[in-house]
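The values are calculated or read from the model by the stated rules, or taken from the named source; none is laboratory data. Quick caveat, the model's predicted, so the values are computed rather than measured. So basically every Cβ, Gly included, is an ideal-geometry build from the backbone, and we count neighbours across all protein chains shown. Each accessible area value is taken on the protein alone, full model and side chains, heavy atoms only, with ligands, DNA and RNA left out. Shrake-Rupley method; radii C 1.70, N 1.55, O 1.52, S 1.80 Å.
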Amino acid sequence: AQPAPALLELLFWVLANVLGEALWLATPRGRGYVSMGTATNFATLLLLPTPVAILVSAGAGAFADVAFRHRRWYKVLFNAAVCSVSVSATARVIRGFAGGPADLNLLLSPLHVSTLGLGALTLFLTNTWLVSGAIALERVENPWRVWRTCFASNFGLLAGGVLSLLGLFFAALFIAWGYMSAFAAVATAYVVRDGYRRYVDTVERTQAAS
């Protein structure tokens, strides 16, 4: 079994996930939001034991929903449940194909690209399908149409891929540099978020002018 993380390592990933969840922006036309929490969730499930990764990711998301996004209690619980299921399913897929916890060999070897790609796809699909189902029930709409509109557009697929790569980068940084990786990770997250914000502003200005 994978050993339990040290207290400092656990605190590191709790803070990383809270910061990731705090760095969110609305998608074009306000159909949802993109959060760096997806990247930190992916890094966390790669490095921590699955039960711990679930607790850290879901707990950080719930805290962000209450403190930053001011969501109602039932939405907080639902989002935490979705996060738990998504992280659990993704970790099971990656552990099943990789045969153990992530290390630099797993994260950087071309031989494991398919394993990591399948894990990233599992995280994206599990998360977005569950959320789409809830939105469809609330709006009385077709779940497939909701998923295609809110998550499976070209932009949504691109954002999911970028965030997964960013999570892989965070995990590799932590293994290589330890806690010092926090500085590079935070700087990268802010640069990516700023670039995304500028892109959304450009899209919305273009749509308003047309």
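Accessible area, 1.4 Å probe, largest first: how do Trp129, Trp73, Trp24 sort? Write out the running numbers ahead of the final one.
Working: Trp129 140, Trp73 180, Trp24 80 Å².
Heavy-atom accessible area, descending, gives Trp73, Trp129, Trp24.
Just by accessible area at a 1.4 angstrom probe, what is the order of Arg205, Arg95 from largest to smallest?
Accessible-area ranking of Arg205, Arg95, largest first: Arg205, Arg95.
Take the alpha-carbon centre of the stretch 144-184, take the same for the stretch 110-143, and report the distance between them in whole Å.
Computed from Cα coordinates, the inter-centre distance equals 13 Å.
Can you name the helices of the chain, as whole DSSP H runs, whose Cα span along the helix axis is 24 Å or more and whose Kyte-Doolittle mean is not below 0.0? Could you put the intermediate results ahead of the total?
On the way: long enough: 50-67 (25 Å, 1.51); 73-98 (37 Å, 0.93); 113-139 (38 Å, 1.10); 154-177 (34 Å, 1.95); 181-209 (42 Å, -0.10).
Helices passing the filter in the chain: 50-67, 73-98, 113-139, 154-177.
Does a label point 7 Å from the Cα of Val191, set along Cα-to-beta-carbon, have any residues of the stretch 134-177 with amide nitrogen under 14 Å, and which are they?
Flagged as within label range: 166, 169-170.
Please report the relative contact order for the chain, taking Cα pairs under 8 Å with a sequence separation of at least 6, and give it as a percent rounded to a whole number. Don't jump to the answer; show the numbers that get you there.
On the way: 222 pairs, mean separation 48.3, N = 210.
Value for the chain: 23 percent.
Compactness ratio of the stretch 136-210: Cα Rg over 2.2 N^0.38 Å, N = residue count?
Numbers: Rg = 17.0 Å, N = 75, 2.2 N^0.38 = 11.3 Å.
For the stretch 136-210, the normalised Cα radius of gyration is 1.50.
Ranked from highest to lowest mean number of other Cβ atoms within 10 Å per residue, what is the order of the peptides 177-187, 46-56? Can you show the working numbers first?
Working: 177-187: 14.1, 46-56: 20.8.
The packing order, highest mean first, is 46-56, 177-187.
For the chain, what does the accessible surface come to per residue with a 1.4 Å probe? Please give it in Å².
Ligands and nucleic acids excluded, the figure is 54 Å² per residue.
Under unit Cβ charges (Lys, Arg +1; Asp, Glu -1), what dipole magnitude, rounded to 20 debye, does the chain have relative to its Cα centre? Kindly include the intermediate steps, with their values, before the conclusion.
Working: 15 positive and 9 negative charges, 116 e Å.
Approximately 560 debye in magnitude.
Identify, among Val192, Phe12, Ala136, the residue whose Cα sits farthest towards the positive end of the charge dipole of the chain, taking +1 on the Cβ of Lys and Arg and -1 on the Cβ of Asp and Glu, with the dipole about the Cα centre.
Comparing the listed Cα positions along the dipole, Ala136 ranks first.
If packing is taken as the average count of other Cβ atoms within 10 Å, what order do 8-21, 131-144 fall into, highest mean first? Walk me through the numbers on the way to the answer.
Numbers: 8-21: 19.2, 131-144: 13.7.
Ranking, from highest mean packing down: 8-21, 131-144.
Over the chain, what percent of the accessible surface lies on carbon and sulfur atoms, probe 1.4 Å?
Values: 7720 of 11330 Å².
That fraction is 68 percent.
Which of the peptides 77-88, 61-72 is most tightly packed, and how do the rest follow, going by the mean number of other Cβ atoms within 10 Å of each residue?
Details: 77-88: 19.7, 61-72: 16.0.
Result, highest mean first: 77-88, 61-72.
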